[in-house]
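Undergrad: Just dropping this structure here.
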Amino acid sequence: MQPILVAYATTEGQTRKVAEFIAERLRIRGHRVDLVDLATPAAQGIGSAYQAAFIGGSVHQHKHQSALVHFVKSNRDWLASLPVALFSVSLAAAMDDMDSRLEARRLANEFLDESGLKPLEVRCVAGALKYTQYDYFKRLIMRMIAQQRGGSTDTEHDHEYTNWNDVEAFVDEFLAAAHVPGSRPVKG
């Protein structure tokens, strides 16, 4: 059976963590998985030998990473031939207010319009505030944004907002919608 591709672009590492979680959930369900960071040379060798794909990236300054956009545009033809799920990681998806959630969806839709990707499923995933990885100025800006949106302003620690149960549900919903063969039920 062909593997499932989990390809991602990340800036501070939260999208990598989400991609690794998705890959592990797929393995638990009996699938072979290729996990690929799109900013590495391994991304150049990706071909069309997959039964499905999860493609993801994070939003920074209202845009997804250029490596993600480049990969999707360069591989649009074969990606169109298989079921694809997009996961878009952002702080906007972490906020409880409807405006923020609509913004997260709008940014995902802008990526889809720009790249031409036509996924079967799209999930906006709550990201993280990685204060300890930011330089002084970015830490100040992110603290101000967090304060305006009700996020944590404690800059001494990182703050993860990802809802892992939601990500796991996303995996299961996509596998069911895409009719991906070979999934084993998860005992819980």
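Undergrad: Are there any pairs, at least 6 apart or on different chains, whose C-beta atoms fall under 6 Å, with the first in segment 144-168 and in a loop (DSSP other than H, G, I, E, B) and the second at pLDDT below 95 and of a type in the set (S, T, N, Q), and if so, which?
TA: THR153/GLN147; ASP158/THR132
Undergrad: What number of residues within segment 44-53 satisfy the criterion of being touching a helix residue (DSSP H, G or I) at 6+ places or on another chain (Cβ under 6 Å) and crowded, with 16+ Cβ neighbours inside 10 Å?
TA: Looking only at that region, the number is 1.
Undergrad: Can you pull out every residue in segment 11-50 that is within 17 Å of LYS130 (Cβ to Cβ), among the β-branched types (Val, Ile, Thr) and at pLDDT 95 or above?
TA: Across segment 11-50, the qualifying residues are THR15, VAL18.
Undergrad: Answer yes or no: is there a residue in segment 74-93 that is closer than 20 Å to THR10 by Cβ and assigned to a loop (DSSP other than H, G, I, E, B).
TA: Yes, because at least one residue in segment 74-93 is closer than 20 Å to THR10 by Cβ and assigned to a loop (DSSP other than H, G, I, E, B).
Undergrad: Looking at (1) in contact with a Phe, Trp or Tyr (Cβ under 6 Å, 6 or more places away or on another chain); (2) closer than 19 Å to SER58 by Cβ, which one does LEU102 not meet, given that it meets all the others?
TA: Against the list (1) in contact with a Phe, Trp or Tyr (Cβ under 6 Å, 6 or more places away or on another chain); (2) closer than 19 Å to SER58 by Cβ, LEU102 comes up short only on (1).
Undergrad: Filtering segment 105-122 down to residues that are assigned to a loop (DSSP other than H, G, I, E, B) and farther than 15 Å from GLY56 by Cβ, which residue is farthest from the chain's Cα centre (by Cα)?
TA: Here the answer is GLY116.
The values are calculated or read from the model by the stated rules, or taken from the named source; none is laboratory data. Since the structure is predicted, the reported quantities are computational estimates derived from the model, not experimental observations. Neighbour counts run over all protein chains shown; Cβ positions are idealised from the backbone, glycine included.
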